[in-house]
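The values are calculated or read from the model by the stated rules, or taken from the named source; none is laboratory data. Here the structure is a predicted model, which means the values were calculated and not measured. Methodologically, a virtual Cβ is constructed for each residue, glycine included, from the backbone with ideal geometry; neighbour enumeration extends over all protein chains shown. Remember, those area values only see protein heavy atoms, side chains included, never the ligands or the DNA or RNA. Shrake-Rupley method; radii C 1.70, N 1.55, O 1.52, S 1.80 Å.
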Protein chains: 2
Amino acid sequence: MARTEHRKSGTLPVTPPTLADVAERAGVSRQTVSNAVNNPDLLRPDTLERVRQTIAELGYSPNRAARNLRTRTSSLIGMRFAPAQEGTANAAMDRFVHSLVEASEEVGYHVLLFPGDDEDPVGGYDNLLRSTAVDAFVVTDTYLGNPQAAWLSQQRAPFVAFGRPWHDDEARHVWVDVDGAAGIALATQHLIDRGHTRIAWIGWRKDSPIGEDRRSGWVRTMHANGLSTTGMASRVEDVVHSGAEAAAVLLDESAPTAFVCASDTLAMGVLHTLWIRQLAPGRDIAVVGFDDSQVAQVYPVGLTSVRQPLEDVAVEIVRNLRALLSHQPVETRGVLLEPTLAIRESSQPAGPVVAQ
Amino acid sequence: MARTEHRKSGTLPVTPPTLADVAERAGVSRQTVSNAVNNPDLLRPDTLERVRQTIAELGYSPNRAARNLRTRTSSLIGMRFAPAQEGTANAAMDRFVHSLVEASEEVGYHVLLFPGDDEDPVGGYDNLLRSTAVDAFVVTDTYLGNPQAAWLSQQRAPFVAFGRPWHDDEARHVWVDVDGAAGIALATQHLIDRGHTRIAWIGWRKDSPIGEDRRSGWVRTMHANGLSTTGMASRVEDVVHSGAEAAAVLLDESAPTAFVCASDTLAMGVLHTLWIRQLAPGRDIAVVGFDDSQVAQVYPVGLTSVRQPLEDVAVEIVRNLRALLSHQPVETRGVLLEPTLAIRESSQPAGPVVAQ
DNA sequence: CGATCGACCTAGATCGATCCAATCGAGGTG
DNA sequence: CACCTCGATTGGATCGATCTAGGTCGATCG
């Protein structure tokens with residue numbers, strides 16, 4: 001139980017020790033050292049101990065390139081990294097990437113980022129694949145018409161998508177997604193439980209399958225509670241300004257007491273309109289957003305928001321990637337995870353809850 | 001000028017073509033193919049053309065692992081990825097990582113992310129270094145007492161830091177940073193130009209060198225314009241709540257007409273206090289934040305904020321990394337870049353500018 | 001007692017690229 | 001014509017690991 005870690009003291013030698021160095025010093029063959037690292041149960045306990053001792057003394061760590069060459073793997077997961085769009089509140093990427101990095105590390109993988117090119121969406125994938133630089137991909141932008149998933153499938157490249165193949169019935173790849181409808185249902189029910197009956201929806205335009213899915217959660221929950229949705233919905237662009245306008249129109253025409261929005265960006269628009277009209281979020285009108293972005297967290301009146309379980313998504317993705325890579329049969333094509341609701345002031349009246 | 005890209009059509013063969021395959025097909029030696037890829041000027045034009053043709057036909061791309069093994073490089077830049085802290089508005093990481101990925105790609109590098117471990121801050125670095133998995137590192141969290149820079153220096157590992165070695169005069173490593181003081185000076189001058197004279201500062205606690213640096217920009221500009229700073233400053237924790245409290249106290253005691261804050265998080269606190277007191281940001285009281293976070297962008301009253309030139313930072317970091325790796329002498333130890341000011345409504349009166 | 005077996009270990013081949021030294025042929029020089 | 005230079009190309013060695021096949025040795029067994 002030597003607590004001192006020799007391998008971490010002192011400067012790194014010009015050329016790190018190799019497997020052969022360890023073998024010679026320990027008086028065994030290279031293969032035995034290799035086995036000590038990769039298949040310890042093949043060694044006799046005393047030999048294993050001796051080799052491990054030597055490995056520690058020399059500070060040996062297997063050369064990645066050599067191992068990669070021989071095993072035809074890289075222990076790298078490629079992911080195209082597109083930044084959050086400026087002017088929107090979608091900060092989910094940051095959290096997701098971190099979760100993915102953590103989850104990958106757990107099973108011995110690292111995450112390699114490469115830039116995206118709108119003109120040549122598969123170019124980055126193609127390069128990495130051809131040069132066998134990565135073992136697999138995580139595909140995040142599975143929006144409509146994105147050719148990446150189909151292309152990767154065709155290349156027989158291992159990958160897992162974050163996001164359902166919305167319009168592609170042909171798709172047979174593995175995916176992990178968050179049940180947006182369930183999240184919005186959660187939000188809607190939360191408002192109903194607080195006594196609201198006139199709950200409006202502000203979502204994205206009809207050509208967004210994700211937006212329509214989330215909307216369905218609202219419709220479903222309203223109807224399940226015997227509440228009407230007519231005249232209570234609006235579909236707009238995902239910008240603050242549009243959310244503000246939609247809120248103003250809905251307030252004038254349908255007098256809702258609560259808003260459920262497809263995004264925090266739209267919710268910010270609603271809050272803006274409330275502010276102009278001197279209505280207090282939470283007290284006068286409840287507002288719920290989606291994504292639990294930093295905006296929702298630091299806005300002075302904390303914004304209640306649907307929070308995607310990105311940590312779980314990452315874990316699930318990595319789990320499926322491993323299955324794919326080890327050629328185990330993947331039990332399911334798709335996994336749908338349940339979001340939670342981060343409840344803040346914007347949906348909580350300061351005073352006592354108004355009955356009905 | 002064949003516009004059709006053969007290499008991108010069809011599925012990938014089970015094992016990608018190797019250099020030897022290309023050589024045989026083109027009727028040249030392996031070394032010639034290698035030269036065609038890496039030193040094209042060594043080949044006679046007609047040979048080069050023939051080899052390139054064959055490369056395109058077979059869809060050949062050099063195997064990364066083999067190249068890495070032979071050249072003892074990986075074309076990978078390692079970076080420890082820590083997520084933005086929840087509850088703050090600091091979304092700079094996202095933008096920076098993207099910029100870094102882009103800038104790296106330009107010069108043939110990819111970015112490898114690894115998780116951080118607070119208990120063993122150099123563990124991740126150590127592993128990657130020993131296994132020669134990356135060529136260099138980008139170190140981002142150069143806060144006080146962070147041992148990474150010193151440790152990497154000692155290991156003679158190539159790295160460039162994003163952030164100055166604030167308290168370490170011994171440090172001889174290369175760094176790139178943003179001149180926070182200059183950014184705040186810009187913001188302060190902007191407010192003075194708008195006619196403000198009573199400009200308050202809300203910053204971080206005194207043990208934050210970054211915070212003190214930013215503060216100095218405010219002090220400097222105020223004094224340069226013959227304005228007083230006494231009783232106009234507050235130093236608090238970087239949370240919304242603290243910013244709100246500080247603003248309330250300052251408003252009561254010193255009646256400022258403008259606030260400059262060390263972060264967007266604190267600025268959100270100020271906005272909260274203004275909201276409670278029915279004061280309109282921009283019209284009644286001006287507010288400026290720092291980082292141009294998503295919050296600043298989507299807040300209904302757009303928040304004027306100092307914006308770090310993260311794209312330039314990334315480019316500069318990559319430039320210095322290349323110099324380090326090619327053993328060219330780096331001309332300077334440190335690079336300081338100028339931020340800009342993203343001007344929005346929170347510092348712009350709706351009506352005409354009030355003279356003096 | 002020799003054959004067989006299994007646990008443990010070893011030596012050589014191999015992954016696919018680049019480095020190195022050497023070769024080959026064409027052109028220039030005294 | 002012998003000698004040298006130089007551009008273009010080549011074949012073998014090499015990077016550091018793992019794979020494959022095979023060897024050693026003591027225990028077990030007919």
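Side notes on the structure shown:
- Of all the options B:Val107, B:Val219, B:Val33, the one that moves most in a Gaussian network model of chain B with Cα springs shorter than 10 angstrom is B:Val33.
- Region B:95-129: chymotrypsin sites (Phe, Trp or Tyr not before Pro) in DSSP coil with no more than 12 other Cβ atoms inside 10 Å: none
- Inter-label distance for B:Ile343 and B:Asn225, nm, one decimal - labels placed 7 Å from Cα along Cα-to-Cβ: 1.2 nm
- Between the alpha-carbon centres of region B:134-198 and region A:127-166 there is a gap of 37 Å.
- Contact residues in region A:21-65 (at least 40 Å² less accessible area with all protein chains than alone, 1.4 Å probe): A:Ser61, A:Arg64, A:Ala65.
- For A:Phe259, the residues whose amide H sits under 5 Å from its own are A:Ala200, A:Ala286, A:Val287, A:Val288, ignoring neighbours fewer than 5 places away on the same chain, with H placed 1.01 Å from N.
- Ellipticity at 222 nm from helices only: DSSP H runs of n ≥ 4 in the protein assembly as shown, each -39500 (n - 2.57), divided by the residue count, give -12500 deg cm²/dmol.
- Choice from B:His173, B:His98, B:His327 showing the highest fluctuation, given a GNM over chain B with Cα pairs closer than 10 Å: B:His327
- Of the accessible area of the protein assembly as shown, computed with a 1.4 Å probe over protein heavy atoms only, carbon and sulfur atoms account for 50 percent.
- Sum of side-chain charges, B:Ile210 neighbourhood, beta-carbon under 12 Å (Lys, Arg +1; Asp, Glu -1): -3
- FRET efficiency estimate (nearest 0.05) - Cβ-Cβ, B:Asp207 to B:Arg72, R0 35 angstrom: 0.25
- With both residues required to sit in chain B, DSSP beta bridges show an antiparallel share near 10%.
- Both chains summed, the buried accessible area for A and B stands near 6400 Å², from protein heavy atoms and a 1.4 Å probe.
- With its label point defined 7 Å out from Cα along the Cα-to-Cβ axis, A:Leu48 lies at 5.7 nm from the matching points of the other copies, in increasing order.
- Members of region A:260-283 that become less accessible by 50 Å² or more once partner protein chains are added (1.4 angstrom probe, chain alone as reference): A:Trp275
- List A:Thr15, A:Thr273, ordered by accessible area with a 1.4 Å probe, largest first: A:Thr15, A:Thr273
- Positive minus negative residues near A:Arg283 (Lys, Arg vs Asp, Glu; Cβ under 15 Å): +1
- Only protein heavy atoms count here; under a 1.4 Å probe, A:Glu49 has an accessible surface of about 100 Å².
- Around B:Ala103: net Lys/Arg minus Asp/Glu count, Cβ-Cβ under 9 Å: -4
- DSSP beta bridges confined to the protein assembly as shown are antiparallel in about 10 percent of cases.
- The accessible area of B:Glu245, taken with all protein chains in place and a 1.4 Å probe, comes to roughly 100 Å².
- Calculated accessible area for chain A comes out at 46 Å² per residue, all protein chains present (probe 1.4 Å; ligands, DNA, RNA ignored).
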